[in-house]
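The values are calculated or read from the model by the stated rules, or taken from the named source; none is laboratory data. This structure is a prediction, so every number in the text was calculated from the model and none was measured. Neighbour counts are summed over all protein chains in view; Cβ atoms, including those assigned to glycine, are modelled from backbone coordinates with ideal geometry.
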Amino acid sequence: GPSGVEAARWWARMMRDPMDAYGALFRRYGDAVRLPRDRRRALFLLSRPEHAEHVLVAKQDNYVKAFTYRPLRVFLGDGLLTSEGETWRRHRRLVQPVLAQRHLAAFAPGMAEVAARAVARWPDGVTLDAAAHMRRVTLDIVGRVLFGSDLAGESDATGRALADLQRSAVIGLGATFLGDAGLRRAFRLVPGARRAGGQLDGMLRRVVDERRAAGPGGEPDLLDLLMRDGELPDAELRDEVLTLLLAGHETTAAALTWTLILLSRYPAARDRVEAEVDEVLGGRDPGAEDVDRLPWTRAVLSESMRLYPPAWTIERDAVADDDVAGAEVTAGSTVAISPYLLHRNPDLWPDPEGFRPERFLGEQDRPRHAYLPFGGGRRICVGAGFATMEAVLVLALVSRSVRLDLAPGVAVPSRAEVTLRPAGPVPMLVSRRRSP
Ligand code: HEM
């Protein structure tokens, strides 16, 4: 990898546009790059499946969430995404069973209902912002299905808060030497970060306070479980609800938005989605049992997350020195396993830049950790099954009812901060396939 002035130049490029810098480093230096950070530590950009297998699975005990998660930790604290050790284990034991495969079917009617209601309101001939609408649908779904709370009205403000938060998290990367408390104080001085914190805390208080006021009733849901006496201290309850609301909607919204963009660019793939959905559903709403009966729709979503993985980089700090498939990683160094780079590695994927959903149909003989949209090892996405079912149901509902076309000649630049998402609004023209 680069050193000296050259390395400093790469770091500067990284702060401006991390994903672009990762891509350029990969093209310039190959699939194992070392970028020095200071005298002892470096950033390792590793993009072979055996790297992912080593860091995320085989030797996961030697790795903790990287310093790059520290700015995010200011907001999400001891929630699942940013905690470690005993706290993480306690939270994971609480949340994981609720999102386990055998419980997912119970969420399907709520997911389909939210999506159906949203799509029914899209009139023929109107141009709408697909990104904002997908965020609204997915926030409404987690709110309703996991927390029994109506959050659809919050999605625009939350979207702005999330954009602010992600920008602050990237800027905060330059200030992680301040430590957690110092970072927290620093963020109070950044107007965007302060606004984001206020907005998110407001949303959270509404969710929790409403439930406290309503008291228990009906089947206990995830919120009842998290709020049960003696389970979590107040601060940890706040952190976990916020984590699930954020991690549980923005990623799925990004995956769906990229999918709609790709389908608009590849009409043959879209025709096939529409034909499959029409054949399997007839006119009815999709349910849990349909997810396995829509293989092409699923393949389209997988291919979309290959090209545009919403979690585009997964980063860990090494506790002790380690040899990662030949890369000598010194203690305290950061290892970046980037799904974005893995998913476009030409050694693993023929025609890596092409949109070819058929690679996800039938037998697939690629290495096990070549495809990592949900990460791997014990920190694998706790909502992977939930997200998959949700994305299939929402895409099926959209495809059954409308066709969305990106205005000709509109470019969709991406923004890669914490998540990889379209940088701005995504204007798409609605043509109704059936009346609401
Ligand atoms: C963790 C991706 C949807 C909740 C992760 C990780 C990835 C990921 C890659 C691992 C991060 C790491 O190892 O550093 C995605 C994608 C989604 C999605 C691409 C949608 C397409 C969801 C949903 C939920 C959720 C729907 C909740 C309902 C979480 C949580 C963690 C996590 C709580 C932290 C888990 C832990 O460390 O124990 N996600 N996710 N995600 N995800 Fe997701």
Would you list the helices (runs of 4 or more DSSP H) that sit entirely within the stretch 23-114 and hold 2 or more residues that are without any contact (Cβ under 8 Å) to a residue 40 or more places away in the chain and more than 22 Å from residue 389 (Cβ to Cβ)? 85-95
Every residue in the stretch 75-84 that is more than 10 Å from the ligand (Cβ to nearest atom) and surrounded by fewer than 23 Cβ atoms within 10 Å (Cβ to Cβ), please. 77, 78
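Among the residues of the stretch 377-390, write down those that are near the ligand (Cβ under 6 Å from one of its atoms) and within 12 Å of the chain's Cα centre (by Cα).
381, 382, 383, 387
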Only unsatisfied item for residue 351, checking (1) closer than 24 Å to residue 415 by Cα; (2) modelled with pLDDT of 95 or more; (3) surrounded by 14 or more Cβ atoms within 10 Å (Cβ to Cβ), is (3)
Matching option when the condition is closer than 19 Å to residue 266 by Cα and in contact with a Lys or Arg (Cβ under 6 Å, 6 or more places away or on another chain), among 414, 399, 431: 431
Residues in the stretch 358-376 that are farther than 18 Å from residue 387 by Cβ and either under 21 Å from the mean Cα position of the chain (by Cα) or within 16 Å of the ligand (Cβ to nearest atom) (or both) total 3
Check the stretch 177-184 and report whether any residue there is at positive phi and not in a loop (DSSP other than H, G, I, E, B). yes
Restricting to the stretch 149-163, name every residue that is of a type in the set (Gly, Ala, Ser), closer than 24 Å to residue 191 by Cβ and crowded, with 16+ Cβ neighbours inside 10 Å. 155, 159, 161, 163
Number of the exception - residue 366 against (1) closer than 23 Å to residue 29 by Cβ; (2) at pLDDT below 95; (3) touching a Lys or Arg at 6+ places or on another chain (Cβ under 9 Å); (4) not β-branched (Val, Ile, Thr): (1)
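Working carefully through the options 94, 80, find the one that is touching a His at 6+ places or on another chain (Cβ under 7 Å) and either of a type outside the set (Gly, Ala, Ser) or at pLDDT 95 or above (or both).
80
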Within the bounds of the stretch 417-427, is there any residue that is assigned to a helix (DSSP H, G or I) and among the charged types (D, E, K, R)? no
Condition first: over 17 Å from residue 259 (Cα atoms) and without any contact (Cβ under 8 Å) to a residue 12 or more places away in the chain. Can you find one or more residues in the stretch 412-432 that meet it? no
Selection count, the stretch 1-22, where residues are part of a loop (DSSP other than H, G, I, E, B) and more than 22 Å from residue 167 (Cα to Cα): 3
